[in-house]
Amino acid sequence: MKKLFRVGFAGLFLLVAAACGSSGEMAESTTTEAVAEASFPVTVGELTLEAQPERIVSLSPTATEMLYAIGAGSQVVAVDEYSNYPQEAVDLGTPLSGFEPNIEAISGYEPDLVIISYDPGSLVEQLGSLGIPVFTANAAMNLDGVYEQITQFGALTGQASGAASLVEQMRADIDAAIAGVTVEGSPTYYYELDNTYYSVTSNTFVGQIFSLFGLSNIADGVEAGNDYPQLSAEVIVSADPDFIFLADTKCCGQTAETVAARDGWGTMKAVTSGKVIELDDDVASRWGPRVVELVQSIASALSAG
C-alpha cells in the first residue's frame, strides 16, 4: 500500500505502516541490559548516546505521547505538527513536519536526539552529517512492540523507571479491560478508517486488539494480501456486522447519525441496536500509551451490548 487514504494524521498511520512493513518490529540487537540501564552511555538498536539527551525533537505523535508519559517531557524542545497530545507538546508551538522534514528547521532547535517514525529519504543521513543522533521508532506491530518501544525510549532518555512503570500500568489496565468483558459467540464488527470504507484486517495492530475480545472482522479475506482493504457499501451492508467502530469521527465527521443516514444502512443490526461506536481518531491511530483507551472503548461497547 503506497497511497495516503485519509485526511489528517488520523489516517497517516496507514502511510507509516506501509513504509515500515515488517521493519516495524523493534531492533533485535537491543539487549535487556541496555534497555534497563538508566546511566550513559547507552545503546539501543544501532544508536549509542554518550549522555542523557536534554533537547529532544520528536517528529512522531506516538513518540511524543510516549516521551511525555514516561517523564521525559521536560527534555522535549520541539514536536511535529500532528503532535497534539498532551497539551504541553502543543504549547511548544513547533509545527515541524515529520513527513516532509526540513533539516534546517530541525537543526535550528539544536537537538541532541531526534526521534522519527520513518525516514522519508535521507533524513537520518543528513542529520547524522550534522552530528545529530536519530532514533527511528517504527510503527509497532503489536502490544509487545509498544511496550518494547516505551522501554527503549526510557533507556534513551534516562527515564527507565518511568518507562517501566508505564508499561506495568498499561499491561494491568488492558488485562483488566479484557477480563471485565464476557463475549458470547464471535460477534462481527466493521472498523471504519474513513468514509470511503477503508478498513483493517485482523493482521493489523488494531485488528489484533479486537481479536483479544474474540470479535470477528468482516474485512478479513476481502482482498488477498491487503490488510487495509477498501470495502464497498454493499459488502458491509450484506455482512450486517454486530458492531461498527468509527475511527473517522475527526477526519471525516462521521457519527452514529451519519452512518444511519447512509443508503441502506439504517436497518443494519449495529445501527438499530445502538452499536455504532464513535472512537477518537488519534487514540485509534497512535499505538502508544493511549492504546489503553482504545481497548477500554471496545470493552465498554461490548459490555453495553
Give me a count of the residues in region 103-124 that are farther than 23 Å from Ala155 by Cβ and modelled with pLDDT of 95 or more. 5
Consider Gly145 carefully, then state whether it is surrounded by fewer than 19 Cβ atoms within 10 Å (Cβ to Cβ), touching a residue at least 12 places away in the same chain (Cβ under 8 Å), small (Gly, Ala, Ser) and under 19 Å from Val291 (Cβ atoms). yes
Can you tell me which residue in region 127-142 is surrounded by the most Cβ atoms within 10 Å (Cβ to Cβ), limited to those that are in contact (Cβ under 8 Å) with a residue 40 or more places away in the chain and assigned to a loop (DSSP other than H, G, I, E, B)? Ala139
Residue check: is Val206 crowded, with 18+ Cβ neighbours inside 10 Å, among the aliphatic types (A, V, I, L, M) and either in contact with an Asp or Glu (Cβ under 8 Å, 6 or more places away or on another chain) or assigned by TED's automatic domain parsing to the domain that holds Thr43 (or both)? no
Please state which one of Thr255, Thr272, Thr249, Thr267 is surrounded by fewer than 18 Cβ atoms within 10 Å (Cβ to Cβ) and in contact with an Asp or Glu (Cβ under 8 Å, 6 or more places away or on another chain). Thr255
State all residues of region 184-205 that are over 17 Å from Lys269 (Cα atoms) and touching a helix residue (DSSP H, G or I) at 6+ places or on another chain (Cβ under 7 Å); if no residue qualifies, say none. Leu193, Asp194, Tyr197, Val200, Thr201, Ser202
Where Ser238 falls short, out of the listed (1) free of Cβ contacts under 8 Å to residues at least 40 places away in the same chain; (2) polar (S, T, N, Q); (3) within 25 Å of Glu293 (Cβ to Cβ): (3)
When the residues of region 148-171 are narrowed to those that are more than 17 Å from Thr62 (Cα to Cα) and charged (D, E, K, R), which ends up surrounded by the fewest Cβ atoms within 10 Å (Cβ to Cβ)? Glu168
Scanning region 47-77 for residues that are buried (at least 23 other Cβ atoms within 10 Å of the Cβ), among the hydrophobic types (A, V, I, L, M, F, W, C) and either at positive phi or in a strand (DSSP E or B) (or both) gives Ile56, Val57, Val76
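The values are calculated or read from the model by the stated rules, or taken from the named source; none is laboratory data. All values reported here derive from a predicted model rather than from experimental measurement. Heads up, the Cβs are rebuilt from the backbone with ideal geometry, glycines too, and the neighbour counts pull from every protein chain shown.
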